[in-house]
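Working notes, beginning with the structure itself.
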Amino acid sequence: MCWCSALYIQARAYRAVLVVSAALALSGFGQPRGTADLGLVIERASGSVQVIDTTAHSALGRITGLGDLSHASVVYSRDARYGYVFGRDGGLTRVDLLAGRIDKRIVQAGNSIGGAISQDGTLIAVSNYDPGGVKVFDAATLELIADLPATYGSEGKRSKVVGLVDAPGQRFVFSLYDAGEIWVADFSARAQPAIQRFANVGRQPYDALITSDGRHYIAGLFGEDGLALLDLWHPQRGVRRILNGYGRGEQALPVYKMPHLEGWAMAGDRAFLPAVGRREVLVVERGSWQETGRVAVHGQPVFVIARPDGRFVWVSFAHPDNNVVQIIDTQTLTVVHTLEPGKAVLHMEFTPRGEQVWVSVRDEDRVDVYDTATHQRIHSLAADKPSGIFFTARAHRIGL
Amino acid sequence: MRRAERPLLMLFSLLLLAGAHAQEPAAARRDALVHLLRHDCGSCHGLTLAGGLGPPLTARALDGKPAAALEATILYGRPGTPMPPWHGMLSAAEVRWMVHVLKNGSVQ
């Protein structure tokens with residue numbers, strides 16, 4: 001081999017390396033890195049997700065082909081490498097955040113509303129509207145482990161299932177919208193789940209949350225003023241009603257978007273909860289579960305989310321007030337700041353230690369990053385009709 | 001002064017003419033209504049209108065349901081369910097057009 005052909009081969013090899021690394025740099029995937037500062041942004045209309053880096057404030061890339069992602073949500077594997085995306089169309093997709101691709105995907109029902117991962121990370125449960133019930137899958141293979149039809153009444157009707165969360169003791173807890181029931185499914189014996197049913201919890205439970213210690217499960221009721229509380233340390237005590245009649249008999253306003261309950265609503269010993277059909281956030285003392293205050297806000301609250309340190313609570317609103325976000329001081333119970341991020345604010349996600357919050361602004365096709373101390377927008381990313389934002393820190397949180 | 005009146009008159013008669021065919025909202029408003037159907041109605045009825053907490057609104061699901069009843073549901077809501085009344089935000093003519101496009105399946 002002569003000197004010049006060796007150089008030529010070397011140059012070709014070098015060019016090949018350049019091409020490969022350029023492709024990797026373009027997508028952002030493929031480089032060795034941790035996942036603990038990553039997250040997924042749902043692009044609801046295009047059936048795609050963006051993998052985002054919360055340190056660099058950039059997108060690693062986009063993963064497409066996830067179906068109908070309206071109202072989609074995500075839970076994470078315990079190594080925080082894989083996100084399980086629950087689509088509206090019954091799709092359950094395991095996404096590899098590091099490789100930037102779909103790892104596995106099934107369509108497990110006709111119409112779904114979110115899911116949960118078990119305490120040990122081996123089971124994925126999906127909450128279904130049609131056919132109403134919960135299906136449980138192996139987290140690694142997505143093979144069906146258990147099918148729990150949400151049947152109720154003498155005619156064996158099936159209820160839509162909402163508010164599905166994981167709880168300690170390898171349990172899943174969920175609510176039956178049409179039946180007014182809460183079920184606890186214990187999967188400690190994986191193939192033989194034990195189900196405990198609580199009936200007559202209240203009319204039309206629409207969503208639920210579990211406190212971050214996994215003790216209290218709280219379902220919001222659409223059909224009446226109040227919430228249903230189950231103490232999972234003492235399930236034998238049954239479900240009790242809290243904040244009963246919070247509307248004080250006044251006519252509720254029409255609701256143009258259902259509120260959402262998430263495990264972020266606790267700030268210290270206080271829970272901050274959206275009032276259905278009212279421009280109010282309800283404040284309840286944990287333990288006594290008595291109302292200790294209510295905060296008048298700009299519109300009907302959809303998300304009421306505490307900054308991780310619990311010092312402030314950020315609130316987003318239903319149509320037509322969904323261009324605004326308000327910040328409540330949890331000590332004085334007053335609104336201390338009002339932001340106008342833009343048209344159709346759909347979701348907010350705090351970084352794990354709370355110094356920043358990411359806000360999806362659907363109709364502006366933007367995700368904005370705010371500094372939570374100064375309330376200044378410090379960054380923006382383009383996204384196609386963004387809705388839910390889910391950071392991998394959820395991998396290590398009970399109920400998320 | 002006189003010259004200025006003529007275009008005004010023409011505009012006025014054009015508006016009258018448009019009023020006579022006012023079943024269909026203007027193009028920009030139609031876009032806004034389709035956006036509303038997909039994204040805001042869609043938050044309960046599904047982005048593809050195949051259903052969610054609320055029933056499906058596909059052409060197939062609405063087949064055989066009288067338009068007047070559907071219009072009344074949108075305008076006045078359905079008590080006992082989360083379906084809210086939209087009068088005040090939407091006019092009767094707009095609702096009529098929305099039911100029309102739902103039934104012919106053009107927003108799915």
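Test of understanding: ordering A:Ser159, A:Ser188, A:Ser112, A:Ser288 by Cβ neighbours within 10 Å, fewest first, what list do you get? Intermediate values should be presented prior to the final figure.
Working: A:Ser159 22, A:Ser188 13, A:Ser112 28, A:Ser288 10.
Ordered by Cβ neighbours within 10 Å, fewest first: A:Ser288, A:Ser188, A:Ser159, A:Ser112.
Tally Lys/Arg at +1 and Asp/Glu at -1 over every other residue whose Cβ is under 14 Å from the Cβ of A:Glu291; what's the total?
Working: positive: A:Arg241, A:Arg248, A:Arg270, A:Arg278, A:Arg286, A:Arg294; negative: A:Asp225, A:Asp269, A:Glu280, A:Glu285.
Net of charged neighbours comes to +2.
Identify which of A:Gly90, A:Gly277, A:Gly30 has the largest mean-square fluctuation in a Gaussian network model of chain A, with springs joining Cα atoms closer than 10 Å.
For chain A, modelled as a Gaussian network with Cα springs under 10 Å, the answer is A:Gly30.
Roughly how many debye, to the nearest 20, is the charge dipole of the stretch A:161-305 about its Cα centre, given +1 on each Lys and Arg Cβ, -1 on each Asp and Glu Cβ, and no other charges? Don't jump to the answer; show the numbers that get you there.
Details: 15 positive and 15 negative charges, 16 e Å.
Roughly 80 debye for the stretch A:161-305.
Test of understanding: in a Gaussian network model of chain A with alpha carbons linked when under 10 Å, which of A:Val51, A:Val255, A:Val359 would top the mean-square fluctuation ranking?
Most flexible of the set in this elastic network: A:Val255.
May I ask you to sort A:Asp89, A:Asp103 by Cβ crowding, counting other Cβ atoms within 10 Å and putting the fewest first? Display every interim value, and only then the final one.
Numbers: A:Asp89 20, A:Asp103 16.
Final ranking by Cβ density, sparse to dense: A:Asp103, A:Asp89.
Among A:Val136, A:Val162, A:Ile195, whose Cα projects farthest towards the positive end of the dipole of the stretch A:131-203, with charges put on the beta-carbon of Lys, Arg (+1) and Asp, Glu (-1)?
Final value for the positive-end residue is A:Val162.
Counting other C-beta atoms within 10 Å, and keeping those with at most 12, which DSSP coil GluC sites (Glu not before Pro) do you find in the stretch A:234-296?
Sparse-neighbourhood loop GluC sites (Glu not before Pro): A:Glu250.
Within 10 Å of each Cβ of B:41-50, how many other protein chain Cβ atoms are there on average?
Values: counts 1, 6, 11, 6, 1, 7, 13, 5, 1, 7.
Mean inter-chain Cβ contacts per residue within 10 Å come to 6.
Can you give me the angle between helix A:3-27 and the longest principal axis of chain A, using Cα atoms only, in degrees from 0 to 90, rounded to the nearest 10?
Around 10 degrees separate the two axes.
How many Å³ per residue does the convex hull of the Cα positions in chain A occupy? Don't skip to the answer; put the middle values down first.
Details: hull volume 59.5 nm³, N = 400.
Hull volume over Cα atoms, normalised by residue count, gives 149 Å³.
Quick check on the exposure proxy: order A:Tyr82, A:Tyr256, A:Tyr152 from fewest to most C-beta atoms within 10 angstrom. It would help to have the intermediate numbers written out before the result.
Values: A:Tyr82 26, A:Tyr256 23, A:Tyr152 18.
So the residues, fewest neighbours to most, are A:Tyr152, A:Tyr256, A:Tyr82.
When the helices in chain A are scored as -39500 (n - 2.57) per DSSP H run of 4 or longer and the sum is shared across all residues, what 222 nm value do you end up with, to the nearest 500 deg cm²/dmol? The partial results should precede the final answer.
On the way: 1 runs with 25 residues, N = 400.
Result for chain A: -2000 deg cm²/dmol, rounded to the nearest 500.
Rounded, prolate or oblate: which fits the stretch A:256-340 when a ≥ b ≥ c are the square roots of the eigenvalues of the alpha-carbon gyration tensor, with rounded for a/c under 1.5 and prolate only if a/b beats b/c? Intermediate results must be reported in sequence, preceding the final value.
On the way: a/c = 1.74, a/b = 1.41, b/c = 1.24.
The shape class here is prolate.
Counting Lys and Arg as +1 and Asp and Glu as -1, each charge on the Cβ, what is the dipole of chain A about the Cα centre in debye, to the nearest 20?
My answer is approximately 460 debye.
Can you pick out the pairs among A:Lys135/B:Lys65; A:Lys385/B:Lys65; A:Lys160/A:Lys257; A:Lys104/A:Lys157 whose Cα atoms lie more than 25 Å from each other?
A:Lys135/B:Lys65; A:Lys385/B:Lys65; A:Lys104/A:Lys157
Determine the sum of side-chain charges near A:Ser118: Lys and Arg each +1, Asp and Glu each -1, restricted to other residues whose C-beta is under 13 angstrom from that of A:Ser118.
Working: positive: A:Arg78, A:Arg171, A:Arg190; negative: A:Asp120, A:Asp138, A:Asp166, A:Asp186.
Charge balance near A:Ser118 sits at -1.
Taking the Cα centre of the stretch A:256-340 as origin, work out the dipole magnitude from +1 charges on Lys and Arg Cβ and -1 charges on Asp and Glu Cβ, in debye rounded to 20.
That gives the stretch A:256-340 a dipole magnitude of about 100 debye.
Which residue, A:Gly115, A:Gly249, A:Gly87, has the most motion in a Gaussian network model of chain A that connects Cα atoms within less than 10 Å?
Taking springs between Cα atoms under 10 Å, the residue moving most is A:Gly249.
Along the principal axes of its C-alpha atoms, what lengths does the stretch A:113-245 span, in descending order and rounded to whole Å?
So the extents along the principal axes, rounded to whole Å, are 46, 35, 23.
Every number in this text was worked out from the coordinates using simple rules, so none of it is lab data. Values in this document were obtained by computation on a predicted structure and should not be read as measured data. Positions of Cβ are generated from backbone atoms using ideal geometry, with glycine treated the same way; all protein chains shown enter the neighbour counts.
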